[in-house]
1. Given a 10 angstrom Cα cut-off, can you work out which residue in PHE79, PHE93, PHE68 is the most mobile in a GNM of the chain?
2. In whole Hz, with x marking every Gly and Pro, tabulate ³J(HN,Hα) for the range 97-103 from phi via Karplus 6.51 cos²θ - 1.76 cosθ + 1.60, θ = phi - 60°.
3. Taking every DSSP beta bridge that has both residues in the chain, what percent is antiparallel when rounded to the nearest 5?
4. Amide H of ILE75 versus every other amide H placed in the peptide plane: which residues, excluding those fewer than 5 positions away on the same chain, fall under 5 Å?
5. Could you do me a favour and compute the accessible area per residue for the chain, 1.4 Å probe, result in Å²?
6. Testing the spin-label approximation: label points 7 Å from Cα along Cα→Cβ at MET1 and GLU111. State their distance in nm.
7. Give the relative contact order (percent, whole number) for the range 56-134; include only Cα pairs under 8 Å separated by 6+ residues.
8. Report, to the nearest whole %, how much of the accessible area of the chain belongs to carbon and sulfur atoms, 1.4 Å probe, protein only.
Amino acid sequence: MTPKEARDEIMALFVAGWSSTGVDLRFWNAPGPLPKDGSPWARIIIKHTQGGNASISSKRFTRSGIVFVEIHTPIGKGFTEADDLAKIAMDVFQGKSTPGGVWFRDVRLLETDAEGHWSQVNVVADFTYDEFLS
C-alpha cells in the first residue's frame, strides 16, 4: 500500500461513517468559508509521521501517522452536540482497519478552547500500514 492509497482508504472509511450525520465535512487541503447559519462542521486532516524498515532484510516498510477530525459546533450549545458527533467519528476508527490494511489505534477525544463563535472537539487516531517495495 502506498501513502496515497492509505490516505484514500482512510478518507473513504471516514466519509462512509460520517455521511449519516449530514454535517458539512471539510478537507485540510480545500479551505472554504465557514457556515454562516451556525451549523456544525468538521475538518479531517491526515498526516504521516514515521516510517521505516519492518526488518533489515525485508522490502516491507511500516508507515504511521495521525488522523485528526476537528468538530466545530456553535458556542452556547455546550458540548452535547460536539460529543455526539465525536462519538460517531471515534466509532469510525475504534478497533477498525481498512480493506488494504490501514490499522487504527489509540483513538481519543481532545477538547480544545473555543475560538471565535465555535467550540471545538478533536478526535485523534493513530494509524499504521505496511508498504511493500518491489
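The values are calculated or read from the model by the stated rules, or taken from the named source; none is laboratory data. Quantities reported herein were computed from a predicted structural model and do not represent experimental measurements. FYI the Cβ positions are ideal-geometry reconstructions off the backbone, even for glycines, and counts take in every protein chain you see. Keep in mind that these areas ignore ligands, DNA and RNA; they rest on the heavy atoms of the full protein, side chains included. Shrake-Rupley method; radii C 1.70, N 1.55, O 1.52, S 1.80 Å.
1. The residue that fluctuates most here is PHE79.
2. Each residue of the range 97-103 in turn: 9, 8, x, x, x, 7, 9 Hz.
3. Numbers: 37 of 41 bridges.
The antiparallel proportion sits near 90 percent.
4. Counting only residues 5 or more places away or on other chains, the set is TRP118, SER119.
5. Working: 7510 Å² over 134 residues.
Spelled out: the 1.4 Å probe surface of the chain, per residue, equals 56 Å².
6. Spacing of the two 7 Å Cα→Cβ label points: 3.3 nm.
7. Values: 141 pairs, mean separation 35.9, N = 79.
Once normalised by length, the contact order is 45 percent.
8. Details: 4110 of 7510 Å².
Result for the chain: 55 percent of the exposed heavy-atom area is carbon or sulfur.
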